[in-house]
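K.L.:
Supplied in structure tokens, the structure appears directly below.
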Amino acid sequence: MPEIVELNVGGVSYTTTLETLLQDKSSLLHELFSERDALAKDSKGRYFLDRDGVLFRYILDFLRDKALHLPEGFRERQRLQREAEHFKLQAMLECIRGDRDARPPGCITIGYRGSFQFGKDGLADVKFRKLSRILVCGRVAQCREVFGDTLNESRDPDHGGPDRYTSRFFLKHCFIEQAFDNLHDHGYRMAGSCGSGTAGSAAEPKPGVDTEENRWNHYNEFVFIRD
């Protein structure tokens, strides 16, 4: 086998060295590339592996550096762990688990003000959940770790250190389940929640606000903790 190896992993192309692929003698990659006759090739002659092509970059990085380097806000630890298990990379598995266990404990509160969007022009029975903004409160460093690029910090003028706390962050999207998924992926669990109930107010709504929709205004908060 040549020293330079071209791979097609799930449709993503990689070029690496045979030495890198054989780094871990107990791994599936060492087994496969020691017995190259059993490997399939694509139409361009590249060795084909039917695995997650995007996550394979982290497999190669670990084989090269013997260290786990994941980007900030990385959300696919479970999938990466499954790939490491498939390739029998025990050292990488230990790093993934150790990195997860080393994450500091903390608390993040998610809040949102919502209503229901009512249909108009003959669609009065249509109701959609409507969120104006999802608020994020907690330690700045942990909020950034969990939400990454989806975190909007424009309302927080304090540029102090990451260990400070804030109640002024909000998300760039309005999908509450996506926020919950982010927190779950980073080891948080919901510890409690509270809600205001609907407004049901007889007061005149602000200009441009639908009267029926205004009656269903409510505010909810969810507390997530990581031990």
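K.L.:
Out of all the residues in segment 8-32, which are touching a Lys or Arg at 6+ places or on another chain (Cβ under 6 Å) and more than 12 Å from PHE87 (Cα to Cα)?
P.N.:
Of everything in segment 8-32, those that are touching a Lys or Arg at 6+ places or on another chain (Cβ under 6 Å) and more than 12 Å from PHE87 (Cα to Cα) turn out to be ASN8, VAL9, GLY10, THR20.
K.L.:
Now, a different point. Are any of the residues in segment 95-106 touching a Phe, Trp or Tyr at 6+ places or on another chain (Cβ under 9 Å) and either among the charged types (D, E, K, R) or closer than 26 Å to GLN178 by Cβ (or both)? Explain how you work it out, then say what you get.
P.N.:
Step one: of segment 95-106, the residues touching a Phe, Trp or Tyr at 6+ places or on another chain (Cβ under 9 Å) are 95, 106.
Going one step further and asking which of them are either among the charged types (D, E, K, R) or closer than 26 Å to GLN178 by Cβ (or both), we end up with 106.
Yes, because at least one residue in segment 95-106 is touching a Phe, Trp or Tyr at 6+ places or on another chain (Cβ under 9 Å) and either among the charged types (D, E, K, R) or closer than 26 Å to GLN178 by Cβ (or both).
K.L.:
Could you please find all residues in segment 1-59 being assigned to a loop (DSSP other than H, G, I, E, B), among the acidic types (Asp, Glu) and surrounded by 12 or more Cβ atoms within 10 Å (Cβ to Cβ)?
P.N.:
Result: ASP24, ASP42, ASP52.
K.L.:
Now for a separate question. Under the condition of being of a type in the set (Gly, Ala, Ser) and either part of a helix (DSSP H, G or I) or open to solvent by less than 30 Å² (accessible area, probe 1.4 Å) (or both), which residue from segment 78-118 is nearest to PHE169 (Cα to Cα)?
P.N.:
GLY111
K.L.:
Go through segment 60-77 and report how many residues are part of a helix (DSSP H, G or I) and open to solvent by 70 Å² or more (accessible area, probe 1.4 Å).
P.N.:
Counting residues in segment 60-77 that are part of a helix (DSSP H, G or I) and open to solvent by 70 Å² or more (accessible area, probe 1.4 Å) gives 2.
K.L.:
State which residue is farthest from ASP99 (Cα to Cα) when the search covers only segment 151-176 and only residues that are open to solvent by 40 Å² or more (accessible area, probe 1.4 Å) and of a type in the set (Ser, Thr, Tyr).
P.N.:
Ranking the qualifying residues of segment 151-176, first place goes to SER154.
K.L.:
Suppose we keep only residues that are touching a Ser or Thr at 6+ places or on another chain (Cβ under 9 Å) and at pLDDT below 90 within segment 177-208. Which one would you say is least open to solvent (accessible area, probe 1.4 Å)?
P.N.:
Ranking the candidates gives PRO205 first.
K.L.:
Starting from residues that are basic (Lys, Arg) and touching a residue at least 60 places away in the same chain (Cβ under 8 Å), keep the ones in segment 125-182 and report whichever is nearest to ILE110 (Cα to Cα).
P.N.:
Among those that are basic (Lys, Arg) and touching a residue at least 60 places away in the same chain (Cβ under 8 Å), it is ARG144.
The values are calculated or read from the model by the stated rules, or taken from the named source; none is laboratory data. Keep in mind that what you see is a predicted model, and the values were worked out from it rather than measured. As a convention, Cβ positions derive from the backbone with ideal geometry for all residues, glycine included, and neighbour counts pool all protein chains shown. These accessible areas exclude ligands, DNA and RNA; they are computed on the full protein's heavy atoms, side chains included. Shrake-Rupley method; radii C 1.70, N 1.55, O 1.52, S 1.80 Å.
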